[in-house]
Amino acid sequence: MKVLPTVPMVGQEAIGRTIQNLIAQKVIPAIERKGARIFFSPPTATPKHFGFVHFSDWGTMGLREKPYPASAPFFLFLLSGEGLVYVRENWYHLVAGHGIFVPHNCLHFPHGTVNNSVPHGRWLWVNVHPFGAVIHQCCLDDDSHFRSPVYAVVDKRLFWLFQEWEKEAITRGCPDSLVSKSLLLAFFHLLVKPAPIPVSVWAEISLMLPELPATLREAILRLIQNYDAPCRLEDVSKQCGISVFYLCKLFRRHLGTNPRAYAQRLRLKIAKQMLAETGVSPHKICQLVGYSNYNYFRKQFQRTFGFAPSRQAVEHVKVWSPNPKTAALIDKLVP
Amino acid sequence: MLPNVLLISGQDEWTKITEVIEHIVLPQLEVNGTSFLLRPEAISSPPSQEVVLVVKHQTPVSRKYVVTQMAFLLKGQAVVLVEGKHKVLKALAGILAPKEFQIDLHGKVGNQTPYSEWLTFIVTTFGAIVTQCRLTPQAHYEGNCYLIVHEGLPELLMKEEQPNKVTIMAVLGLLARARPFLPTFWELLPTSFVEMPPAVRQALQFLHHSYNRPLRLSELAKWCHVNHAHLCRLFRQWVGISPLAYLAKLRMSAAWKLLTETKLPPTLIASLVGYPKWSQFSQQFMRTFGMKPTQVRKSVALEPLKFGDFRDTVPN
């Protein structure tokens, strides 16, 4: 069995907002129709000639060739095509519109093969973490394993809702109950609300957060959650329960900058990351991070990083161009 | 005004409430959306003179802690008053209103007092308060007041301008699975309970059920159908202390439990266990335990919530 390379997904479908749209259009209606049952498919008999798709994973920088434990509980949802998943010594054959829930530390492998043929499919991953959730998309075909950048949705209510759902569905063993359904629905509804941010930016921010005072932390979280829309200082300070003056003072004392400059730097960082990983045009990215004027965005970008946004984008699109043949193949598999 | 009678029943009352939520309210929400929940805007009848308030609806906590108020009419018919305007509701309807609105569930038009059964939820900044009540032409029967301590519950609603179907379903689903904080302290009952005269037994039951409400000795005596002096004498003879001292003991046990097991502010705890005045509460606390309520909190040293750490604060 050859090793499939993990190829970055580029273009519009690699953007976090697109992934959220997919959740809103495919996952939420599916839960509304069938409840939490869609994440508990019955296992199928172990296929006769089964194997694993070997693929390199640039998230963990390793070769995936055997089942591995889940570092966080996650939901796996098949958007189109079909797929074979191995979870805790069972095989699950999934079709579009179904998914599976994998608890914490559970041995699993997402892509299985039968008779050496690779099932083609488009997957959505939602990992649950204490700060919120981490989502990404991947596609599998004969030549490669496509993977979109990984996005974090920062909202701690997500984790809390998930815990309650897990208590109801797994510990109490009633995934079919109405309570379980409403909790899961609320979870996915929350998931599509705040703007998703590229994970590496979030990792950088979350390191320094625990040392800051609670109100400042709250303010930074608000700025992060609304990075794609213009936000007024008055609103932020009101939500944190402090005055604008005190908010500025806190920012200056602990971060050495003012809130507006902080928010702007955050947006530019996110824009840089998205340009480097998604290959979407700088004009589109400029809108995605909340700038309405491209010239202003370009000027600020140039001033902060020393080079124009278009340069960052061009460098990477050359390396990561999608294979049009395989993209067409996956489109064909959409039911 | 009708008399307010406390409903004292078995201990599985909470299970009944969760069943009602799960099998009546949630399916209704799932099928019909929030259309059966009236918003204050929908009540637009001109103020009329003939609507009379039968029982005053009291919020168990101060208004500053309230986030959203919800009420479901389970059976019967009711005349509700929102900010002076009234509306007639039929069974399986409800009201949803933010905290600014004054809601009165029990009104009447003319001489007829309609029969109604209500389930009310008040989502507060620290969790929720769930109560059940019933209005008949004779009296207003009030069930236990269940306190649910949970930090995430108000957060779900606080960030929403207009709570939608999914949020309300999630809140109710969580309430259906929550463990309410209502210590009845049956373990504190004297061991000779079975041998006591019925009046004392009734008084003890009453106190264990409703220690968190303001109470007068005459009310208690009326409930037990004896004279208050006689009740006091009997109580002293069988329990050893006066009824009001026993009540204070229960309230203090509840306060201790809330202080050590939750992160609620001490002033709120005082009002939750039945002391509207902080000075009265802290005096009694000092007398019972020999230390200030705030000192207890410090000595327990409940760690503040860390970032990313979302532990459940519901006591076991």
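Readers should treat all values here as calculations from the given coordinates under stated rules, not as data from a laboratory. A quick note: this is a predicted structure, and the numbers were derived from the prediction, not measured. Don't worry about glycine lacking a Cβ; one is built from the backbone with ideal geometry, like all the others, and counts go over all protein chains shown.
General observations
- Only the Cβ atoms of Lys and Arg (+1) and of Asp and Glu (-1) were treated as charged; on that basis the dipole of the stretch B:23-154 about its Cα centre amounts to roughly 160 debye.
- Under the simplified labelling scheme, the A:Asp142-A:Glu218 pair shows an inter-label distance of 5.8 nm, with each label point 7 Å from Cα along Cα→Cβ.
- Whole-angstrom gap from the stretch A:213-277 to the stretch A:96-116, using each part's C-alpha centre: 39 Å
- Using the Cβ-Cβ distance between B:Phe289 and B:Ile241 with R0 = 25 Å, the FRET efficiency computed as 1/(1 + (r/R0)^6) comes to roughly 0.90.
- Sequence-distant lysines (8 or more away, or on other chains) whose Cα lies within less than 18 Å of A:Lys269: A:Lys284, A:Lys299
- Using θ = phi - 60° and Karplus 6.51 cos²θ - 1.76 cosθ + 1.60, couplings along the stretch B:225-233 (whole Hz; Gly, Pro as x): 6, 9, 6, 5, 5, 5, 4, 4, 5
- Karplus (6.51, -1.76, 1.60) ³J(HN,Hα), θ = phi - 60°, over the stretch A:93-109, in Hz, Gly and Pro reported as x: 9, 9, 10, 3, x, 10, x, 8, 9, 10, x, 4, 6, 8, 5, 8, 8
- For B:Lys16, the lysines whose Cα comes closer than 19 Å to its Cα, not counting residues fewer than 8 places off in the same chain, are B:Lys75.
- Over the residues of the protein assembly as shown, the helix contribution to mean residue ellipticity at 222 nm works out to -11500 deg cm²/dmol, using -39500 (n - 2.57) for each DSSP H run of at least 4.
- Length-normalised contact order of chain A in % [C-alpha pairs under 8 Å, at least 6 apart]: 18 percent
- Euclidean distance of C-alpha centroids, the stretch A:131-155 and the stretch B:35-111, integer Å: 48 Å
- The value for the protein assembly as shown of Rg(Cα) / (2.2 N^0.38 Å) is 1.14.
- Comparing A:Leu124, A:Leu94, A:Phe40 along the charge dipole axis of the stretch A:3-194, the residue lying farthest to the positive side is A:Phe40, per the Cβ-charge model.
- Of the GluC sites (Glu not before Pro) found in the stretch B:67-125, the ones in coil according to DSSP and having at most 12 other Cβ atoms within 10 Å of their Cβ are B:Glu100.
- Each part reduced to its alpha carbon centroid, the stretch B:262-280 and the stretch B:130-172 end up 21 Å apart.
- With the simple model of a label 7 Å out from the Cα in the direction of the Cβ, B:Lys56 to A:Arg17 spans 5.4 nm.
- Estimated vicinal HN-Hα couplings, Hz - the stretch A:68-75 in sequence order (Karplus 6.51, -1.76, 1.60; Gly, Pro = x): 9, x, 6, 6, 8, x, 8, 9
- For A:Gly132, residues with placed amide H under 5 Å, excluding near neighbours: A:Asp155, A:Phe159
- Longest stretch of chain A clear of exposed loop sites (trypsin sites (Lys or Arg not before Pro), DSSP loop, at most 14 other Cβ atoms within 10 Å, sites excluded): A:233-335.
- Nitroxide proxy distance, nm - points 7 Å out along Cα→Cβ at A:Thr44 and A:Lys2: 2.5 nm
- Average beta carbon contacts from partner chains per residue of A:189-200, 10 Å cutoff: 1
- Estimated FRET transfer efficiency (B:Lys277, A:Tyr296; beta-carbon r; R0 56 Å; 0.05): 0.45
- R0 of 41 Å, Cβ-Cβ distance A:Lys34-B:Val5: FRET efficiency to nearest 0.05: 0.35
- Extension gain for B:His228 to B:Met158 (0.36 nm times residue separation, less C-alpha to C-alpha distance): 20.5 nm.
- Taking 0.36 nm per residue of separation and subtracting the current Cα-Cα distance, fully stretching the chain between A:His54 and A:Tyr246 would add 63.7 nm.
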